[in-house]
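The values are calculated or read from the model by the stated rules, or taken from the named source; none is laboratory data. Note that the structure is a prediction, hence the values are computed from the model and not measured. All Cβ positions, even for glycine, are placed from backbone atoms using ideal geometry, and neighbour counts span all protein chains on display. These area figures cover heavy atoms from the full protein model, side chains too; ligands, DNA and RNA do not enter into them. Shrake-Rupley method; radii C 1.70, N 1.55, O 1.52, S 1.80 Å.
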Amino acid sequence: MSRNYDSLHDPNAEYTMRELSSETMGVTGTRGGGRDVEITDVQTTMVDGNFPWTLVRVYTDAGVVGTGEAYWGAGVPELIERMKPFVVGENPLDIDRLYEHLIQKMSGEGSVEGVTVTAISGIEVALHDLAGKILDVPAYQLLGGKYRDKMRVYCDCHTEEEADPEACADEAERVVDELGYDALKFDLDVPSGLEKDRANRHLRPGEIRHKAEIVEKVTERVKDKADVAFDCHWTFSGGSAKRLADAIEEYDVWWLEDPVPPENLEVQEEVTKSTTTPIAVGENRYRVTELRRLIENQAVDIVAPDLPKVGGMRETRKIADVANQYYVPVAMHNVASPVATMAAAHVGASIPNSLAIEYHSYELDWWSDLVEEDVIEDGSIEVPEKPGLGVTLDMDTVEAHMVDGETLFD
Ligand SMILES: [Mg+2]
């Protein structure tokens, strides 16, 4: 039969594509111990945090609800709504199969990378919360158990005087001494005032000296009290990135992040192999298939997947497994609410090569109010022992900060 949008949207339609639904896979759905459960609904609500967080809830006929989160982005809630017929009626305990099912069903609509993968990630995270609650185990247990009880968190830092090296050093000292973090990150793609034309990606010598001064002032101020990473947001040419990485080799840099644009793996590899400054990359690549090439080509020293964007918890785990084959640590990029941040903590606990998880919201005073539980304390997350992710949405806070036009979950 020919396929069109309407036939794809109809959960009862027949498809010529490979199906991984319970029906076509021959899965009977009959299980003991209260595990014969079906998904009945999927809902989203967007919350206006420092990013528009997409919260996802998956409902079941057992009355158990799983909560997840997808990375922000236009169209993500619509894509999740689009995929709802593909999971309703399925058993939420088949996380792997349902993930592959969604990848297959959306393969003509971009499930290789981009917001389609982001939307699938949000459902996948909610399935882990759901499965943990049904099985009465914390989510890390679903991933093979844990290596550590606490996950280290690094704080992404900002100051209004972002181009002033002393102001950056002051903020670094404040975050370490007053907020209790021993790991930080600062932006290094800040204007120096010496730029002639930022579009050409070329760094002039004075710009490199200015960036090196930020690195020097910050790292020397905190010394052994904190590790410090610096982010370039894909800004520079390969040649300029190499000169910058070389100029900061003498300082104690945790890593230099995304110095060159993400599309060209060969340039990334060249930059990484040119310097002893550790290079971190990964937050805007998708699924293990894309991250695999970065790792196998040894184009990264540290890989930085974003869990609610890259494919979810098991996909991040798979990326970490590949990275571990190459002795590459994982530092998860994270700009999420407490929900996906806690999902990252469960994955981080379950992999040997976990370095730290980002926290990007220290200027948002209600971040932790979104859930009833404590999440980050003294620069780390204690991995919960409660079933699932171990976080409970505070619906009053969700409602108070919903994006205009959104409706609260049932
Ligand atoms: Mg970054």
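Please give me, ordered by residue number, the chymotrypsin sites (Phe, Trp or Tyr not before Pro) of region 116-171 that lie in loop per DSSP and have at most 15 other Cβ atoms within 10 Å.
Tyr147
A 30 angstrom limit on the alpha carbon distance is what I want to check against. Which of Lys146/Lys217; Lys84/Lys133; Lys223/Lys273 exceed it?
Among Lys146/Lys217; Lys84/Lys133; Lys223/Lys273, the Cα-Cα distance tops 30 Å for Lys146/Lys217.
Identify the GluC sites (Glu not before Pro) of region 301-377 meeting these criteria: DSSP loop state and at most 15 other C-beta atoms within 10 Å of the C-beta.
Sparse-neighbourhood loop GluC sites (Glu not before Pro): Glu363, Glu372, Glu373.
With r defined as the distance between the Cβ atoms of Tyr362 and Met395 and R0 fixed at 30 Å, what FRET efficiency is calculated, to the nearest 0.05?
My answer for the efficiency is 0.80.
Please report Rg over Rh for region 182-304, where both radii come from the alpha carbon positions and Rh follows the Kirkwood definition.
0.96
Could you tell me how far the Cα centroid of region 342-388 sits from the Cα centroid of region 208-234, in Å?
25
Compute the semi-axes of the equivalent ellipsoid of region 142-386, taking the square root of 5 times each eigenvalue of the Cα gyration tensor, and list them largest first in whole Å.
The three semi-axes for region 142-386 are 28, 23, 14 Å.
Round to the nearest 10 and give me the degree value, 0 to 90, for the angle of helix 238-247's Cα axis relative to the longest principal axis of the chain.
60
For every helix of n ≥ 4 consecutive DSSP H residues, a contribution of -39,500 (n - 2.57) applies; sum these over the chain, divide by its total residues, and give [θ] at 222 nm rounded to the nearest 500 deg cm²/dmol.
Mean residue ellipticity, 222 nm, calculated: -11000 deg cm²/dmol.
Given Cα pairs under 8 Å that are at least 6 residues apart, what percent is the relative contact order of the chain?
19
Can you tell me, using C-alpha contacts under 8 Å and at least 6 residues apart, the relative contact order of region 217-348 as a whole percent?
Dividing the mean separation by the residue count of region 217-348 yields 19 percent.
State to the nearest 20 debye the size of the charge dipole of region 29-166 about its Cα centre, where the only charges are +1 on K and R beta carbons and -1 on D and E beta carbons.
Charge dipole, region 29-166, about its Cα centre: 840 debye, nearest 20.
What Kirkwood radius, in Å to one decimal, follows from the Cα pairs of region 294-410?
After inverting the mean inverse Cα-Cα distance, the result is 15.3 Å.
In the chain, carbon and sulfur make up what percent of the accessible area (probe 1.4 Å)?
44
Computed over the Cα atoms, what is the radius of gyration of region 53-143 divided by 2.2 N^0.38 Å, N being its residue count?
Dividing the Cα Rg of region 53-143 by 2.2 N^0.38 Å gives 1.02.
Given a 1.4 angstrom probe, what's the average accessible area per residue across the chain, in square angstrom?
Averaged over the residues of the chain, the accessible area is 40 Å².
Find the eigenvalues of the gyration tensor of the Cα atoms of the chain, then list the square roots of 5 times those eigenvalues as equivalent ellipsoid semi-axes, largest first, in whole angstrom.
Rounded to whole Å, the semi-axes are 38, 23, 19.
Exposed loop trypsin sites (Lys or Arg not before Pro) only (DSSP loop, at most 11 other Cβ atoms within 10 Å): please give the longest stretch of the chain free of them, not including the sites.
In the chain, the maximal stretch lacking such sites is 197-410.
Can you give the percent of C-alpha pairs in region 91-175 whose distance is more than 17 Å?
Considering region 91-175, 65 percent of its Cα-Cα pairs are separated by more than 17 Å.
Name the lysines eligible as straight-distance cross-link partners of Lys196: C-alpha to C-alpha under 18 Å, and not fewer than 8 places from it in the same chain.
Reachable lysines: Lys211.
Quote the convex hull volume per residue of region 259-309, based on C-alpha atoms, as a whole number of Å³.
67
Among Ala320, Ala70, Ala245, which one moves the most in a GNM of the chain with springs linking Cα atoms closer than 10 Å?
Its mean-square fluctuation being the largest, the pick is Ala245.
What percent antiparallel are the DSSP beta bridges of the chain, to the nearest 5?
Given both bridge residues lie in the chain, the antiparallel proportion sits at roughly 50 percent.
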